[in-house]
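A.B. asks: Can you keep this structure in mind? I'll have questions shortly.
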Amino acid sequence: MDYKIIMPVLSDTMDKGKLVRWRVHEGDVVHKGDVIAEVESDKAIMEVQSFKDGVVKKLLVKEGEEVPVKAPIAIIDTEAKTAQTETKITQQPKEQSASTEKPKTAPKESTPAAAVPPVIEELLKTPAPKLAEGDATPAAKKRAAELGIDIKSLQAEGKLPKPAHLRDIETEALRRYFTPKALELLQEYRIDPKEFNLDHKIGVEEVENYIKEHDIPKIVALSANRIAVMKNVQNAATKPVYFIFEEFDIKEYEGIKLTSVLIKKLATAMQKHPLMRAKLEGTTLKISPHSNISVAVAKGDELYMVVCKRAEEKSLQEIDTWVRGLKERTFTADELTGSTFGISNLGMFGVQRFSAMINQSDVGIAAFGALNEGKISVTFTFDHRILNGVDAALFVRDAKEIFKGDEDV
Amino acid sequence: MLYREALNRAIDEMMASDESIVILGEDVGRYGGSYRVSEGLFAKYGPKRVIDTPIAELSIVGNAIGMAIAGLRPIAEIMTVNFSLLAMDQIVNHAAKFRYMSGGKMTIPLTIRMPGGVSRQLAAQHSESYETLYAAIPGLIVLAASNATYAYYGLKTAIALNDPVIFLEHELLYPMEMDFKEVKNFDPFKAEIVKEGKDLTIITYLKMRYDVLEAVPKIEEELGISVEMIDLNSLRPLDMQTIAASVQKTKRVVLVEEDHKTGGYGAEVIAKISEELFYSLDAPPLRIAGEDVPIPYNRSLELASIPTPDKIGQRIIQWGRKNGL
């Protein structure tokens, strides 16, 4: 390639320059930085360098000739082979070679600090996108323009919040193609709206068909209560337990719930057997003076073991008031801890007999089935670590007597 | 590995491999460095390569520039960035500009290490962060090492580079025990994605990395989102590529810096994001920075003047709720 060396502008006032002397001949090899000529400006004689490597192809100006600034004075062929040929320049000034010498350091790659990363150049080239009008974020306005959504009118109608965000625009776009119920189904089953052909209004039926056709399961997150129950029963399943099956005679009391009677009778029986009031802690037992009974309470899908504290001190009427209040209220953490024995009753659903899992650190639990002509079936589950079969048998025998009589009521 | 050990190892290995590397500064030799970074080097390399200087910052950098011009590869230590103001003319007018003034014929292979930031009750004149000054100077490279891995590889690269590098450290990081990861093909100019996420990008650097990390779990829990976190590592050049990819994904950006808010380095980052990524933004960018006051000595006031994990969490949660998160 030809590289033209021009008459340099050496001062503000210089408009032409005189070529005083050539330092090279045609055919000479020159390197970047080599002085090739001396020129005279209106002020002084200066040197002209080549800024590229190559071979001098032609000298265009004779020594002594004057030419305008920026006019070409020589042509260097930058593609001619220069590597093997030694430079013929002999009159290189000494100070020139000294100042071009690089620091004596290993040549290492250095990235100029001002480099523009390619991604920014790309971004700068991209034209500004079309934007929808209205009170919205830049991203929302851009997306709305792409989808042809008029943010301003929708906000005037109160159908979009102010300011609108990207999520509002995406939801608005879906409302065009899906009925509200269909949209709910999509979210419930976590189906990507792009699975449908968005060229018509899509109703519930179409989404339901899609669900059946693709066998998509409904995803239900477990409630906090379910997770707590799971933990509790998993812990219970690790306990070494045994069962005692019995049938108790029991009296009914006018206007009193059966569960209240069961709590009262059990509380009385527990007073006679300290082990039923015990809590295992390491290698010790902590025995409470009171009968604190956890009662299984179902509320919709949720299950709570609510503790009736000091049940032996309460009258049957007081316990019944407590039991009747359970359905209406929520429970504090304190009400869900501190028991040593449990009760579960499924008799009202016609269940004849079943067994229950021990709650938290309780010693045992009594599972009551349906009441049939004054008799009720009961399954006791006991933690064998705390008491042996004989202890349990003595407790069950006493309980059976207490359930039959009514001294405590 | 301790942060300061990573720096020491980097200097030691570089000095062992290249005789032209020398270090100079106040107490870097016999004393082993104010923060023990040059510990053991005086005994190993001697007083000709580990040079104790007078308390004269302008001359430390000036001498270092002379060494660099003459073919050495000096590492100058300024005790804290606060004192580097005394060396400003040498740094800005000479070190940064020699390559350009000489038409690229001369380069200054100089590394200037300096710790900064709010430590514990060092008061206003010893608590500043001046990255915003240095990152604004064309001709300088500004690196900020928040962790042992970057401290080691970043400092080695800084020493090897032929251009002047301001290597920023933080006073509270020196005695911190950190994970060290082996890195192949280390790129000192690449920002680190500390944590991936999809709803919000938090950009930070230096010590604030740890304050942000502490705040992130609460932010994610309270807003129900996942946070992406970027540690810039290099302040000049700035890795806009990594920032752009993240912000285009999350559409929201928060910048956390310890320096004063007005004219802080974060202002530059947020300005670039606004210029180049405006149409990707789904919320106004948020800056969490130090207050616009000289850092107070009183510990309570000192903490009140800079971002803390609590404040970072609260501000982002508040901002997120207001902006559609």
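A.B. asks: Against the conditions (1) under 29 Å from A:Ser315 (Cβ atoms); (2) open to solvent by less than 30 Å² (accessible area, probe 1.4 Å); (3) in contact with a helix residue (DSSP H, G or I) (Cβ under 9 Å, 6 or more places away or on another chain); (4) of a type in the set (A, V, I, L, M, F, W, C), where does A:Val409 fall short? Just the number, please.
C.D. replies: The single condition A:Val409 does not satisfy is (2).
A.B. asks: When the range B:250-299 is examined, which residues are found to be away from chain A (no Cβ under 14 Å) and of a type in the set (Lys, Arg)?
C.D. replies: Correct list: B:Lys261, B:Arg287, B:Arg299.
A.B. asks: Sticking with this structure for a sec: Take the range B:119-149 and flag every residue that is open to solvent by 10 Å² or more (accessible area, probe 1.4 Å), farther than 21 Å from B:Asn82 by Cβ and more than 11 Å from chain A (Cβ to nearest Cβ).
C.D. replies: Of everything in the range B:119-149, those that are open to solvent by 10 Å² or more (accessible area, probe 1.4 Å), farther than 21 Å from B:Asn82 by Cβ and more than 11 Å from chain A (Cβ to nearest Cβ) turn out to be B:Asn147, B:Thr149.
A.B. asks: Restricting the range B:151-172 to residues that are among the charged types (D, E, K, R) and outside any helix (DSSP H, G or I), which is nearest to the other protein chains (Cβ to nearest Cβ)?
C.D. replies: B:Asp163
A.B. asks: Being open to solvent by less than 30 Å² (accessible area, probe 1.4 Å), touching a residue at least 40 places away in the same chain (Cβ under 8 Å) and within 14 Å of another protein chain (Cβ to nearest Cβ): is that true of B:Gly313 here? Even if it seems obvious, please write down each step before you answer.
C.D. replies: Numbers: open to solvent by less than 30 Å² (accessible area, probe 1.4 Å): yes; touching a residue at least 40 places away in the same chain (Cβ under 8 Å): yes; within 14 Å of another protein chain (Cβ to nearest Cβ): no.
For B:Gly313, the condition - open to solvent by less than 30 Å² (accessible area, probe 1.4 Å), touching a residue at least 40 places away in the same chain (Cβ under 8 Å) and within 14 Å of another protein chain (Cβ to nearest Cβ) - is not met.
A.B. asks: Here is a list of conditions, (1) under 21 Å from B:Glu257 (Cα atoms); (2) not assigned by TED's automatic domain parsing to the domain that holds B:Arg113, and B:Ile166 meets all of them except one; can you say which number that is?
C.D. replies: That leaves (2) as the condition not met.
A.B. asks: Moving on. State yes or no: is B:Leu72 within 14 Å of another protein chain (Cβ to nearest Cβ), of a type in the set (A, V, I, L, M) and buried (at least 24 other Cβ atoms within 10 Å of the Cβ)? Please lay out each step first, then the result.
C.D. replies: Values: within 14 Å of another protein chain (Cβ to nearest Cβ): yes; of a type in the set (A, V, I, L, M): yes; buried (at least 24 other Cβ atoms within 10 Å of the Cβ): no.
When the stated conditions are applied, B:Leu72 does not pass them.
A.B. asks: Same structure again: Of all residues in the range A:278-297 being closer than 23 Å to A:Phe331 by Cβ and among the hydroxyl-bearing types (Ser, Thr, Tyr), which is most open to solvent (accessible area, probe 1.4 Å)?
C.D. replies: A:Ser288
A.B. asks: Show the residue pairs meeting these rules: Cβ distance below 9 Å; 6+ apart or different chains; first residue within the range B:261-287 and among the hydrophobic types (A, V, I, L, M, F, W, C); second residue open to solvent by 50 Å² or more (accessible area, probe 1.4 Å) and modelled with pLDDT under 95.
C.D. replies: Close Cβ pairs (under 9 Å, with a partner that is open to solvent by 50 Å² or more (accessible area, probe 1.4 Å) and modelled with pLDDT under 95) amount to B:Phe278/A:Ala128; B:Ala283/B:Lys322.
A.B. asks: When you scan the range B:29-56, how many residues do you find that are in a loop (DSSP other than H, G, I, E, B), in contact with a Phe, Trp or Tyr (Cβ under 8 Å, 6 or more places away or on another chain) and open to solvent by less than 50 Å² (accessible area, probe 1.4 Å)? Please lay out each step first, then the result.
C.D. replies: To start, the set of residues in the range B:29-56 that are in a loop (DSSP other than H, G, I, E, B) comprises B:29-40, B:46-49, B:53-56.
Within this subset, residues satisfying the condition of being in contact with a Phe, Trp or Tyr (Cβ under 8 Å, 6 or more places away or on another chain) are B:29-30, B:32, B:35-37.
Adding the requirement that they be open to solvent by less than 50 Å² (accessible area, probe 1.4 Å) leaves B:29, B:32, B:37.
So the count comes out to 3.
A.B. asks: Could you pull out every one of the helices (runs of 4 or more DSSP H) wholly within the range A:90-178 that has 1 or more residues that are at pLDDT 65 or above and surrounded by fewer than 16 Cβ atoms within 10 Å (Cβ to Cβ)?
C.D. replies: A:118-125, A:138-147, A:151-156, A:166-177
A.B. asks: Looking at A:Leu60, A:Leu10 in this structure, which one is open to solvent by 20 Å² or more (accessible area, probe 1.4 Å), touching a strand residue (DSSP E or B) at 6+ places or on another chain (Cβ under 6 Å), hydrophobic (A, V, I, L, M, F, W, C) and within 21 Å of B:Lys105 (Cβ to Cβ)?
C.D. replies: Details: A:Leu60 fails: within 21 Å of B:Lys105 (Cβ to Cβ).
Selected residue: A:Leu10, the only one of A:Leu60, A:Leu10 that is open to solvent by 20 Å² or more (accessible area, probe 1.4 Å), touching a strand residue (DSSP E or B) at 6+ places or on another chain (Cβ under 6 Å), hydrophobic (A, V, I, L, M, F, W, C) and within 21 Å of B:Lys105 (Cβ to Cβ).
A.B. asks: Let me ask something else about it. Search the range A:257-277 for residues being in a helix (DSSP H, G or I) and open to solvent by 30 Å² or more (accessible area, probe 1.4 Å), and hand back the single one that is farthest from A:Ala399 (Cα to Cα).
C.D. replies: Once the filter is applied, the top-ranked residue is A:Leu258.
A.B. asks: In the set B:Lys249, B:Lys190, B:Lys198, which member is open to solvent by 10 Å² or more (accessible area, probe 1.4 Å) and closer than 24 Å to B:Lys311 by Cα?
C.D. replies: Only one candidate passes the filter, namely B:Lys198.
A.B. asks: Considering A:Arg310, A:Arg329, which residue is on the phi > 0 side of the Ramachandran plot, free of Cβ contacts under 8 Å to residues at least 60 places away in the same chain and open to solvent by 50 Å² or more (accessible area, probe 1.4 Å)?
C.D. replies: Every option except A:Arg310 fails the conditions.
A.B. asks: With A:Phe243, A:Phe248 as the choices, which residue is open to solvent by less than 20 Å² (accessible area, probe 1.4 Å), in the same structural domain as A:Leu336 (by TED's automatic domain parsing), out of contact with any Asp or Glu (no Cβ under 7 Å at 6 or more places or on another chain) and part of a strand (DSSP E or B)?
C.D. replies: On the way: A:Phe243 fails: open to solvent by less than 20 Å² (accessible area, probe 1.4 Å).
So the residue among A:Phe243, A:Phe248 that is open to solvent by less than 20 Å² (accessible area, probe 1.4 Å), in the same structural domain as A:Leu336 (by TED's automatic domain parsing), out of contact with any Asp or Glu (no Cβ under 7 Å at 6 or more places or on another chain) and part of a strand (DSSP E or B) is A:Phe248.
A.B. asks: Follow-up question, since we're still on this one. What pairs come out if I take residues in the range B:80-91 that are in contact (Cβ under 8 Å) with a residue 60 or more places away in the chain and under 9 Å from B:Val61 (Cα atoms) and pair them with residues that are assigned to a helix (DSSP H, G or I) and not β-branched (Val, Ile, Thr) whose C-beta lies under 8 Å away, six or more apart or interchain?
C.D. replies: Final answer for the pair search is B:Ile91/B:Ser84; B:Ile91/B:Tyr134.
A.B. asks: Out of all the residues in the range A:355-384, which are at pLDDT 95 or above, out of contact with any helix residue (DSSP H, G or I) (no Cβ under 8 Å at 6 or more places or on another chain) and of a type outside the set (Gly, Ala, Ser)?
C.D. replies: Matches in the range A:355-384: A:Asp362, A:Ile365, A:Val378, A:Thr379, A:Thr381, A:Asp383, A:His384.
The values are calculated or read from the model by the stated rules, or taken from the named source; none is laboratory data. Keep in mind that what you see is a predicted model, and the values were worked out from it rather than measured. We place every Cβ from the backbone using ideal geometry, glycine too, and count neighbours over all the protein chains shown. Protein only, heavy atoms only, side chains kept; ligands, DNA and RNA dropped before computing areas. Shrake-Rupley method; radii C 1.70, N 1.55, O 1.52, S 1.80 Å.
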